[in-house]
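Asks: Take a look at this one; I'll ask things after.
Computed from the coordinates by the stated procedures, all read-outs in this text should not be read as laboratory data. Since this is a predicted model, take the numbers as computed values, not measurements. Positions of Cβ are backbone-derived with ideal geometry, glycine not excepted, and every protein chain shown enters the neighbour counts.
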Amino acid sequence: MTSPILAGSAVERLHEAHNRILEQLSRVIVGQHQVVEELLICLFSRGHCLLEGVPGLAKTLLISTLARSLDLSFSRIQFTPDLMPADIIGTDVLEEDRATGSRQVRFLEGPLFANVVLADEINRTPPKTQAALLEAMQERQVSVGRVRHGLTDPFFVLATQNPIEQEGTYPLPEAQQDRFMFKVFVDYPTFDEEFEIARRTTGLPAEEARPVLSAADIVNLQASVREVPVSDHLVRYALTLVRQTRTGQKGVPDFVSDQLSWGAGPRAVQFLIIGAKARALLQGRSHVTVEDIQTLAAPSLRHRIVVGFAAESEGVTSDSIIRRIIETTPTREDELTRDARFQTIFAS
C-alpha cells in the first residue's frame with residue numbers, strides 16, 4: 001500500500017528535482033545519460049559510487065558540475081602513491097594565542113570534509129590511505145587520536161579508477177569495492193555526442209550549471225526514498241538474482257559455478273532494493289517494479305562477483321553473467337515460486 005507521504009509531495013518533489021538537475025547538467029555535460037542516472041540514484045540512496053573509465057571522458061567535470069547543480073561543497077583529492085591518511089582526513093595542529101601566550105590543539109579539517117568528494121584515481125594510492133577513505137565512507141566520521149569528527153551531511157564519495165594502467169597502482173580488493181553501492185562504467189561518447197563536445201569546448205566558454213537543490217533538500221529526499229514500498233515478491237526476486245551468483249550453493253546455475261569464483265554478499269541485496277526505490281521516485285513512481293531491479297542489477301553486482309581465470313580468458317565478463325542470470329530467472333511470482341530449482345534456493 002502506498003505511503004500517504006509518498007502519494008503526493010515526495011514523489012513530485014524528487015521527480016521534479018530529477019528533471020531540474022538533468023537540465024542543469026545538460027548545459028555542461030554532453031551525453032552520459034546512464035552514468036548520470038546511476039549517480040543520482042546512488043546519491044539519493046545515501047550510497048557511494050566507483051566510476052571506471054579511460055582518461056578524458058569528463059568524469060571530473062561531470063562530478064564537479066553535479067555538485068554545483070546541487071549547491072553542495074565539492075572537494076577533489078588527486079590520489080598519488082605518496083598520499084597519507086592525514087592528507088585526506090586532516091590533522092591536529094598546535095596554535096598559540098599571541099595575546100595570552102596560551103596554546104591549544106585544534107583539528108584542521110582535510111578535503112574529506114565536503115558534501116561531494118571526488119577520489120580521483122583511487123587505485124594509485126597505497127592501501128593505508130584507501131582504507132582511511134573507505135572507513136570514512138562507512139562510518140561517516142573520521143578518528144584522529146581518540147577524537148571522532150563527524151563528516152558533513154549529505155556525504156557522497158565518487159571514486160574513479162583507470163582500467164588501462166596497472167603498473168604502479170594498488171587495485172582495490174573485492175572486499176573494499178563492496179563498500180561502494182554501484183560500480184559505473186563510463187564509456188566513450190557516440191559520434192554525435194563527441195561532435196557536440198568538440199563544438200562546445202573549442203568555442204566560447206559554455207554556461208555553468210546553477211544550483212537547484214540545497215543540502216537540506218537532499219537529506220529530506222533521501223529520507224523519502226526509504227518510505228517507498230516494495231512487495232515481498234520483488235524482494236524475493238532481487239534476493240534470487242543475488243543468491244544465484246554464489247558458487248557452491250543449492251540452485252545455482254551450472255554456468256555460474258563454471259565461470260564465477262566468488263559471488264555477491266548480502267550488501268548487494270540491500271543496495272539493489274534501496275536503489276530500485278530511488279529509481280522509482282526519480283521517475284515519478286511511488287512503487288518499485290521488476291524493471292527497476294533488472295536495470296540496477298549490473299551496477300550493483302559487477303564489482304561484487306569475481307570471474308574465474310579460465311572464463312575471463314575466454315572473454316566472459318561479470319556483466320554478461322549478470323545478463324544471463326536475469327534472462328533465466330522468471331519475473332512472475334507464480335513461475336518463480338513453482339520452479340523446482342528456485343525452490344531449492346528459497347529453502348537454503
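Asks: Under a 10 Å cutoff between Cα atoms, tell me which one of P81, P127, P266 has the largest fluctuation in the Gaussian network model of the chain.
Replies: For the chain, modelled as a Gaussian network with Cα springs under 10 Å, the answer is P266.
Asks: Further question on the same structure: In terms of Cα to Cα distance under 23 Å, which lysines are near enough to K128, apart from those fewer than 8 places away along the same chain?
Replies: K183
Asks: Skipping prolines and chain starts, which residues have an amide H placed within reach, meaning under 5 Å, of the one on F79, given they are 5 or more residues away or on another chain?
Replies: D120
Asks: At q = 0.12, 0.13 Å⁻¹, what is the log10 ratio I(q)/I(0) for the chain, with the Debye formula run over Cα points and no solvent?
Replies: -0.96, -1.10
Asks: Restrict the search to the stretch 97-171; then list the GluC sites (Glu not before Pro) that DSSP places in a loop and that have at most 11 other Cβ atoms within 10 Å of their Cβ.
Replies: Working: sites: E109, E121, E135, E139, E165, E167; in loops: E121, E165, E167.
Taking the stretch 97-171 and a limit of 11 other Cβ atoms within 10 Å, the loop GluC sites (Glu not before Pro) found are E167.
Asks: Looking at A58, A132, L39, which one has the Cα that reaches farthest to the positive end of the dipole of the chain (charges on Cβ: Lys, Arg +1; Asp, Glu -1)?
Replies: Working it through, the farthest residue towards the positive pole turns out to be A132.
Asks: Could you run the Karplus curve 6.51 cos²θ - 1.76 cosθ + 1.60 with θ = phi - 60° over the stretch 131-136 and give me ³J(HN,Hα) per residue in whole Hz, x for Gly and Pro?
Replies: 5, 4, 5, 5, 5, 5
Asks: Next question, about the same structure. Tell me which residues come under 5 Å, amide H to amide H, from W262 once H is placed; ignore anything under 5 positions away on its chain.
Replies: Result for W262 returns V306.
Asks: Also, quick follow-up: Restricting attention to the stretch 192-286, which trypsin sites (Lys or Arg not before Pro) occupy a DSSP loop and are surrounded by at most 13 other Cβ atoms within 10 Å? Please list the in-between numbers first.
Replies: On the way: sites: R199, R200, R226, R236, R243, R246, K250, R267, K277, R279, R285; in loops: R226, R246, K250, R285.
Passing sites in the stretch 192-286 are R226, K250.
Asks: Provide Rg over Rh for the stretch 51-117; use the alpha carbon set for both Rg and the Kirkwood Rh (inverse mean inverse pair distance). Mind showing how you got there, number by number?
Replies: Numbers: Rg = 17.1 Å, Rh = 14.7 Å.
Dividing the radius of gyration by the Kirkwood radius yields 1.17.
Asks: Taking amide H positions as placed 1.01 Å from N in the peptide plane, with prolines and chain starts having none, which residues 5 or more places from A114, or on another chain, fall under 5 Å of its amide H?
Replies: T152
Asks: I'd like the orientation of helix 318-327 relative to the chain: the angle between its Cα long axis and the longest Cα principal axis, in ° from 0 to 90, rounded to 10.
Replies: 40 degrees
Asks: Based on the Cα gyration tensor of the stretch 228-347, what are the three equivalent ellipsoid semi-axes, each the root of five times an eigenvalue, rounded to whole Å and given largest first?
Replies: Numbers: eigenvalues 117, 59, 24 Å².
Equivalent-ellipsoid dimensions as semi-axes: 24, 17, 11 Å.
Asks: In sequence order, what are the phi-derived ³J(HN,Hα) couplings for the stretch 17-32 according to the Karplus relation 6.51 cos²θ - 1.76 cosθ + 1.60 with θ = phi - 60°, rounded to whole Hz, with x for glycine and proline?
Replies: For the stretch 17-32, the Karplus-derived couplings read 4, 4, 5, 5, 5, 4, 4, 5, 5, 5, 5, 10, 9, 9, x, 6 Hz, x marking Gly and Pro.
Asks: Shifting gears a bit: Roughly how far apart, in whole Å, are the Cα centres of the stretch 10-59 and the stretch 78-109?
Replies: Measuring centre to centre over Cα atoms gives 34 Å.
Asks: Can you compute 3J(HN,Hα) from phi for each residue in the stretch 335-348, using the Karplus curve 6.51 cos²θ - 1.76 cosθ + 1.60 with θ = phi - 60°, rounded to whole Hz and x for Gly and Pro?
Replies: 5, 5, 6, 8, 5, 4, 5, 6, 5, 5, 5, 5, 7, 7
Asks: Using Cα atoms only, what is the angle between the long axis of helix 59-69 and the major principal axis of the chain, expressed in degrees (0 to 90) to the nearest 10?
Replies: That helix lies at roughly 80 degrees to the long axis.
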